[in-house]
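Below: one structure, written as C-alpha cells.
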Protein chains: 2
Amino acid sequence: MKISLAEINSKVGDLKYNANLIKKHADIAYRNGAEILITPELSLCGYPPEDLLLETEFIDRCQHYLLEIAKKFPKLKIIIGHPKRKNKLLYNSISLLYRGKINKVYDKQKLPNYGVFDEKRYFSPGNKPGVFKHKGKTFGLLICEDIWELGPLEELNELNVEYIICVNASPYEFNKTKNKFNIIQKRLDKLDDVTLIYLNCVGGQDELLFDGNSFITKPRKNNVNDLSFFSGQFISQNIIADFSKKNHIEITRKYEKFPFHRKILEDSIAQIEVLNEKEFLIYNLLNGLILAMKDYIEKNSIKKLFLGLSGGIDSAVVLFIASKVLSQEKITAIMMPSEFTSNTSLKDANKIASNLRVNYKIIPIQKHIKVFEKTFKNDFEGLDKDITEQNIQARIRGMILMAYANKFKGMVLATGNKSEMAVGYSTIYGDMVGGFSILKDVPKTMVYKIANEINYKKIIIPQRIIDRAPSAELKENQIDEDSLPAYEILDKIIDLHIEKNYSEKELIKFGFSTKLVKKVVNLIKINEFKRRQSAPGPKITSKAFGKDRRYPITNKFRL
Amino acid sequence: MKISLAEINSKVGDLKYNANLIKKHADIAYRNGAEILITPELSLCGYPPEDLLLETEFIDRCQHYLLEIAKKFPKLKIIIGHPKRKNKLLYNSISLLYRGKINKVYDKQKLPNYGVFDEKRYFSPGNKPGVFKHKGKTFGLLICEDIWELGPLEELNELNVEYIICVNASPYEFNKTKNKFNIIQKRLDKLDDVTLIYLNCVGGQDELLFDGNSFITKPRKNNVNDLSFFSGQFISQNIIADFSKKNHIEITRKYEKFPFHRKILEDSIAQIEVLNEKEFLIYNLLNGLILAMKDYIEKNSIKKLFLGLSGGIDSAVVLFIASKVLSQEKITAIMMPSEFTSNTSLKDANKIASNLRVNYKIIPIQKHIKVFEKTFKNDFEGLDKDITEQNIQARIRGMILMAYANKFKGMVLATGNKSEMAVGYSTIYGDMVGGFSILKDVPKTMVYKIANEINYKKIIIPQRIIDRAPSAELKENQIDEDSLPAYEILDKIIDLHIEKNYSEKELIKFGFSTKLVKKVVNLIKINEFKRRQSAPGPKITSKAFGKDRRYPITNKFRL
C-alpha cells in the first residue's frame, strides 16, 4: 500500500490555484501507484483564511472545487482540508474523495483559540471520530489541534485503528520541530500499535510561516530508522510512503525547486550530520525567512524590491534574503548618507551591494535635512536637538524609498528587528516604512547568527559589519548601547518576558537589576502604538508581536 | 430598596484608578441610602484587557483590589466585574462583596468570540446560574453575552428571581441602542414578572467606544414610563434607582462633567423631543467621537495635538472634535499649501482655525517638493507624473506634522475617513500619519452630517466646505470623484458589502453595475496592507476595519 503526502504551499483565497496544485499532486500520486493522497489542513483555501470564511461564496466555491477534484480522480482516495457549512455552522473539515464523490467527512474536534489562532471565531467543533476503511485496514483521521488535546487520539486508539492520518497547518517556530515531534511521540507511546502519518503544509502567509517537516512514526518508535522526518523544511514536495514492505517504509520524494542559500542536502539527517544542531537551526531559520519573503512577494504579485542599505547588519541581512527571492536587477539598495554616516558604513554598504550584484544608489540627504531644518528654524529656536531631528533623517529616507517603490511599482522592505520593535528603537514612518518586515520577529542577537550563516562559505556581509558596535548613525558618535542595554541582555529580557511570559518580579529574580527591568518592560508597553502601525513579518519565535501577542495600546498596568 | 448603578469609565490596566473610582461610587451609593452598588463587566480592570489577562500578576492585583474594596465598604453590597483565576483557568466574573468579603461569585457562561470580541482566547465559561438574596428578594446575575444567547436568562426565570442584574461592556454602534433594547425587551417579554437592571460602561478604549445607555425594564414593559433609558449616552454617572415606591421607580442621577458640543439636556427623552431621531443619532455620534478622542488622549497622557488642516471637511471635523477635548492653546492646526492648494482651501482653513481659536500655522511645501523632485530627476526622467508625486506631497506634510509632535511631545491626529480607508484613497506615511484616527470608521457621507450638526447653532465649518466637491488637491483640478464613485454610491456599497456582508453577486442584484462592484470590492481587498499600518480609531458602525474585520493581506479570493 502506497500513500502520497502532499506537503503543499497553498495560496490563501486562490481556490483555483490550490485545486490545480492538489490535482498536480493527485497526478504524481496516481502515477506512482499511491492509493491515497493526503493534503494539509484547509489545503483547498489556504491557512488561515481569516474573515474570508464569513463570506458565503467563499465556502460555496470551496465545495465546487472539492467536487471538481473528486470527479477528476475517481480511482484515487484524496483527503482534502476545507471549510464546510452545515446548518448555518462552519466546520474545519477534511473530506475523503473517492469515486467522484465525497465519501467521508471529518470535522475537527479541538479548535485552537490562543496565540495566533482564532478558530473558535469561525468554526464549531466536530463531535465524532473520523474513521474509514481501506483494503481491510482501519484509518483514523485527525486535524492539527486534535492531536494536542486529550481525547481524539485516545478515542481512535479505542476504535483499534491501524493508521492515523493527522493533517496540519502548524506554524514554524525556531527550535520547535524537535519538541513538537517529541511531545507527539510521547502521546503516541501510550497507545497500542498504530502508524501515525503526520502531514504539515509549507509556505508563508502574512505573519505565519509553515515549515512542512511531516513525519511517520509509531508508538515507542518501532522501526524508527525508517520512520523519521521527511526533511522537508520549507520545501514543497510530494512524499510517497510505501507500506507494503515488512518492517520498512520506503520513502520516495519529489521536490519542487526552491532557492535555498545552501545547496539542499538529501534529507535533514544528513544536514544535521554536516552542521551541529545550533548551526542547523540557524541555517533552517534563514531558509524559512527566505521562503516567508518569497511567498509574500510572489503571492502579492510584487515584482520589484527597494530597501535602505545603511551599512549596518539588519539591512545587510535583509538584502541577502531579498537576493534569494528575486533576481538582482529587480532589487535596488539605496544608501542615503547624512553627515552622521561614517565612511565605514558607506564602504560596507557598497561592498554588500556589489557582493550581491543588486542595483545600488547613493542618495545623500543633507539637502533634504536642510530644507526641513529651515522650516522649523523659528519654531524650534532655543530648543535642544533631540529625537525630532533624528526622526527627520529616518523619515526622509523612508520618503525616498517609497517614491522609488511607487514610481517603479515595487515594494519597500522594512529592515527593523524584534529587539528594536520591542523597545521602540525605530522611527515610525521612517525606518519602519515598508510592506514587509522580514526581521520583525528576529532578535538582534539572532540577526548576527544569521549573518554568520550567510557568510558560511565566502564573505558576503563584510566581517566589520558583524564586529562593529551597532549604530543608528542619526547623531554624532551614536551607538545603540547609549540608549539601550547590550543586545545580549536586552534579548534575554525580551525572551523571558515576552516569549516565556515571566513577570517583572520574576525577571528581577533572574538577576537583572530592578531599574533595568522596569525600563525595558515600560519601553515594551509604551511602544505598542508603534508596533500597531508596523509592517507584517513572519512569526519565528514562540511569541511574536501582532496576532500572537494582543496588547492594548491604552494600557496603564504598572506594578 | 435603593440600588446604585455606576456607569463608569474604567482605564484598562489602571487597577488602582479603577478601584478608587469604584470606591467613589460606593461612597455616593452609601450616602444616598443605596444597599447595592452595581458596576459594569470587568469594571476593575477595564474592558477589553486583551493579553494583559495572560499576566499572572495582573490577575493577582485584581484580587488584591477586590478585597481592599470589600473591606472598605462592609455594609454595602458591591458587585464588581473582574477576571478570576481558578485551577489555572480564567473566568470573566462578577463578585458580590459584603461584610468585608467576597460573598458570591458568578462566572460568565456565554463568551462572545466574534466581531471585536476574543473572550474564548482568555476565559472558560461558567456553568452555574448566579443567584443571591437581598431583603427576602431573589436576584439573578448575568454578564453581557449571557443575555443574548438562549439559556442563562431562561434559567434565572425558572429559579423565580425577582430582579435580574445584567452588567455589560457593550460597544457603541451608530443606531444600535434602540435595536439592542428592543431585542432584549422581546426576550424578556417571554418571561414571568421580573425586573431587569441593565448596566453598561462608558468610555473609549483604543478601537472601542462604550456609550452607557443603561436601563431598567420589565416584561411587556409594565410601568414603562418609569423604566426607560437613563440617557447616559457617553456620560459617566451614578444612577440611584429607588424600588420602594409602588408602581414607580424613582431615578436620581449624579453626572460627571463632560465637554459635549451641545449643552446636555436632562435626559434623552427630552433630547429626542428636541431633535428628530436621525438628528439625534448624529448628535449622539458626535458626542461619542468626542469621548473616544478625549479618552485616547487622556488615558495615554497626551498633552498636545497637531493636525494638518487642508480646507476640506475631514480635517475640519477632526479639528472641531479636538477642540472639545483639549484647550485651544494645546492644539495646533497646520495648513501646508502646495501649488495645487486653492485659495478657497486656504481661506476656509484659516476661517475654521480662527472660529475654533486654535494655534494656526501656514507652512508652504513647495521648497520641500522641489528638493525631492531634484533627487528623482534623473531616475524618473521620461516617466509620467503619477501617484508618486502626489504621495510625496502628502508625505512631506506627514513629516512636518510629526516633527512638531515629536519636538513638542504631542500627537498627530489622522484625518482620514472610512470611505478612504476602504478603497485606499490615502497616502500611507502621508495623510495616514497619526496616533489616533477619529474618523476611521465614519463614512464620508456621515462626515457631512456631522459637519452640519457642528454648525447647528452657528457656522463653525464654512458652508462652502460642506458644499464643495471634495478634493485631495494633489494635482491640477483634481476631485475625488475622478478616481472614485460618488460618495453616496461608494458608501452604500461599503455599507452593504462590509457592514452587511453582501457578496459581489448580491451587490449587483441591488442595481450597481458589475464593473463598479468589481472595482470597489477589488480596491477594498488590495488595500488591506494600508489599513494594517493605519492608526487606531473608534468602531462606530456594525463592522469596522481592524479587530472587527480580520482579513488576510495576502488574499487571492476573486470570484
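None of the figures in this text is laboratory data; all of them are computed from the coordinates on show. Computed from a predicted model, the values in this text were never measured in an experiment. Don't worry about glycine lacking a Cβ; one is built from the backbone with ideal geometry, like all the others, and counts go over all protein chains shown.
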Inset, instruction - Kindly provide the helix-only [θ] at 222 nm of chain B, computed as the sum of -39,500 (n - 2.57) over DSSP H runs of four or more divided by all residues, to the nearest 500 deg cm²/dmol? - result: -11000 deg cm²/dmol
Inset, instruction - Once the label point is placed 7 Å from Cα along Cβ, list for B:ARG31 the distances to the corresponding points in the other copies, in nm, shortest first. - result: 8.5
Inset, instruction - May I ask you to compute the full-extension gain from A:THR138 to A:GLN478, defined as 0.36 nm times their residue separation minus their alpha-carbon distance, rounded to one decimal in nm? - result: 115.7 nm
Legend entry - Per-copy distances of the A:ASN20 label point, shortest first, in nm (7 angstrom along Cα→Cβ): 6.4
Legend entry - Inter-label distance for B:ALA486 and A:ASP379, nm, one decimal - labels placed 7 Å from Cα along Cα-to-Cβ: 3.9 nm
Legend entry - Extreme residue, positive dipole direction of chain B, given options B:TYR114, B:TYR17, B:GLY288 (C-beta unit charges): B:TYR17
Legend entry - Computed lengthening from B:TYR17 to B:GLU339, 0.36 nm per intervening residue step minus Cα-Cα distance: 110.9 nm
Legend entry - 13 Å beta-carbon shell around B:THR514, net charge (K/R +1, D/E -1): +3
Inset, instruction - Could you pull out the pairs from A:LYS88/A:LYS108; A:LYS330/B:LYS518; A:LYS176/A:LYS539; A:LYS120/B:LYS543; A:LYS16/B:LYS505 whose alpha carbons sit more than 23 Å apart here? - result: A:LYS330/B:LYS518
Legend entry - Cα-centred dipole magnitude for the protein assembly as shown, charges only on beta-carbon of K, R (+1) and D, E (-1), debye, nearest 20: 480 debye
Inset, instruction - With a point put 7 Å past each Cα toward its Cβ, work out how far A:ASP467 is from B:LYS72 in nm, to one decimal. - result: 6.2 nm
Legend entry - Magnitude of the charge dipole, chain B, Cβ model with Lys/Arg +1 and Asp/Glu -1, debye to 20: 1200 debye
Legend entry - Electrostatic dipole magnitude of region B:335-469 [Cβ: Lys, Arg +1; Asp, Glu -1; Cα centre; debye, to 20]: 760 debye
Inset, instruction - Over 55 Å, how big is the tail of the calculated P(r) for the protein assembly as shown, in percent of all Cα pairs? - result: 19 percent
Inset, instruction - Just flag the GluC sites (Glu not before Pro) in region A:367-403 sitting in loop per DSSP whose Cβ has no more than 10 other Cβ atoms within 10 Å. - result: A:GLU381
Legend entry - Test item: B:396-406 mean partner chain Cβ contacts at 10 Å: 6
Inset, instruction - Return the whole-Å distance between the Cα centroid of region B:343-405 and the Cα centroid of region B:406-449. - result: 16 Å
Legend entry - Shielding by partners, peptide B:367-376 (average Cβ within 10 angstrom, other chains): 5
Inset, instruction - Evaluate the Kirkwood expression for the hydrodynamic radius of chain A, namely the inverse of the mean inverse distance over all pairs of different C-alpha atoms, and round to one decimal in Å. - result: 25.2 Å
Legend entry - Percent of beta bridges antiparallel (DSSP, the protein assembly as shown, rounded to nearest 5): 60 percent
Inset, instruction - Note down the nm distance, to one decimal, between modelled labels 7 Å out along Cα→Cβ at A:LEU150 and at A:LEU346. - result: 6.8 nm
Legend entry - Förster radius 51 Å - calculated FRET efficiency between A:ASP192 and A:GLU506 (Cβ-Cβ, nearest 0.05): 0.75
Inset, instruction - Run down the aspartates and glutamates and flag those whose C-alpha is under 14 Å from the C-alpha of A:LYS257, throwing out any fewer than 8 positions away in its chain. - result: A:GLU7, A:GLU266, A:ASP295
Inset, instruction - Just name one of A:ILE334, A:ASN127, A:ILE465: the one whose Cα is farthest towards the positive end of the charge dipole of chain A (beta-carbon charges, Lys/Arg +1, Asp/Glu -1). - result: A:ASN127
Inset, instruction - Could you work out the relative contact order of region A:283-482, using alpha carbon pairs under 8 angstrom and six or more residues apart, expressed as a whole percent? - result: 25 percent
Legend entry - At 7 Å out from Cα toward Cβ: A:ASP384 inter-copy label distances (nm, ascending): 5.2
Legend entry - Summed residue charge, Cβ within 10 Å of B:ASP386's Cβ, Lys/Arg positive, Asp/Glu negative: +2
Legend entry - A:ARG357, B:ARG395 arranged by Cβ crowding within 10 Å, fewest neighbours leading: A:ARG357, B:ARG395
Inset, instruction - Using a cut-off of 13 Å between beta-carbons, work out the net charge of the residues near A:PHE139 (Lys and Arg +1, Asp and Glu -1, A:PHE139 not included). - result: +3
Inset, instruction - Report relative contact order for chain A in percent, whole number only (criteria: Cα-Cα under 8 Å, sequence separation at least 6). - result: 11 percent
Inset, instruction - Set the Förster distance to 56 Å, then compute FRET efficiency between A:ASN452 and B:ASN452 from the Cβ-Cβ distance, nearest 0.05. - result: 0.30
Inset, instruction - Using only atoms on other chains, find how many Cβ atoms lie within 10 Å of each Cβ of peptide B:543-555 and report the average. - result: 6
Inset, instruction - With the Cα gyration tensor of region A:283-482 in hand, convert its eigenvalues to equivalent ellipsoid semi-axes via √(5λ) and list them largest first in whole Å. - result: 27, 19, 16
Inset, instruction - Please give the FRET efficiency for B:MET1 paired with B:TYR114, using the beta carbon to beta carbon distance and R0 = 30 Å, rounded to the nearest 0.05. - result: 0.20
Inset, instruction - Pull up the cross-link candidates among the aspartates and glutamates for A:LYS133, meaning alpha carbon to alpha carbon under 18 Å and not fewer than 8 places away within one chain. - result: A:GLU35, A:ASP107, A:GLU155, A:GLU158, A:GLU162, A:ASP193, A:ASP242
Legend entry - Within straight-line cross-link reach of A:LYS254, lysines at Cα separation under 17 Å, skipping those fewer than 8 residues along the same chain: A:LYS2, A:LYS23, A:LYS24, A:LYS263
